[in-house]
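Trainee: Quick one: the structure is below, and I'll ask about it shortly.
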Amino acid sequence: MPINTDAIIQTTLEKSKELAATLFKKFTEQAVSDTKDFLQRSREGVARATALLADNQIDKDDFEDLILGKKDLAEMHGLKKAGLASATIDTFVNGVLQILIDAAFEAIP
């Protein structure tokens, strides 16, 4: 069964914008740009992992591990350039990854 990766990515981006507005206020634009870049670079891996989960080839814990393993791809150059604290950026990245995981779980019937 094909999973709509575009919908997962779009949902993640929309909810990440809300998170960015809450955490960064003045730097929301940089956070959104960094998130788009991360999602673009992660797209194929997310699609593969979601397909494996949908086909019951991996369980939810394995899926979460695969997605959380993409944390290194979330470089957040714009936020770092803006001089934001690493802890705040890490909080945002972890939030984006959790949003991505939740969006994928919702996309699987």
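The values are calculated or read from the model by the stated rules, or taken from the named source; none is laboratory data. Worth saying up front: this structure is predicted, and the values here are computed from it rather than measured. Positions of Cβ are backbone-derived with ideal geometry, glycine not excepted, and every protein chain shown enters the neighbour counts. Quick note on the areas: whole protein, heavy atoms, side chains included, nothing else; ligands and nucleic acids left out. Shrake-Rupley method; radii C 1.70, N 1.55, O 1.52, S 1.80 Å.
Trainee: Cβ-Cβ under 8 Å, sequence separation 6+ or interchain: first residue in the stretch 16-44 and part of a helix (DSSP H, G or I), partner acidic (Asp, Glu). Which pairs?
Mentor: 34/75; 37/75; 38/75
Trainee: Taking the criterion of being at pLDDT 90 or above, open to solvent by 40 Å² or more (accessible area, probe 1.4 Å) and either farther than 23 Å from residue 26 by Cβ or touching a Lys or Arg at 6+ places or on another chain (Cβ under 6 Å) (or both), would at least one residue in the stretch 75-95 satisfy it?
Mentor: no
Trainee: Quick test for you: out of 58, 108, pick the one residue that is at pLDDT 95 or above and either at positive phi or not aromatic (Phe, Trp, Tyr) (or both).
Mentor: 58
Trainee: Please determine, by comparing only the residues of the stretch 56-67 that are in contact (Cβ under 8 Å) with a residue 12 or more places away in the chain and open to solvent by 80 Å² or more (accessible area, probe 1.4 Å), which one is nearest to residue 97 (Cα to Cα).
Mentor: 66
Trainee: Also, I was wondering about something else. Which residues, counting only those in the stretch 1-51, are open to solvent by less than 70 Å² (accessible area, probe 1.4 Å) and out of contact with any helix residue (DSSP H, G or I) (no Cβ under 7 Å at 6 or more places or on another chain)?
Mentor: Within the stretch 1-51, 37, 51 qualify.
Trainee: So residue 94 passes all but one of these: (1) over 15 Å from residue 16 (Cα atoms); (2) free of Cβ contacts under 8 Å to residues at least 40 places away in the same chain. Which condition number does it fail?
Mentor: So residue 94 meets the others, but not (1).
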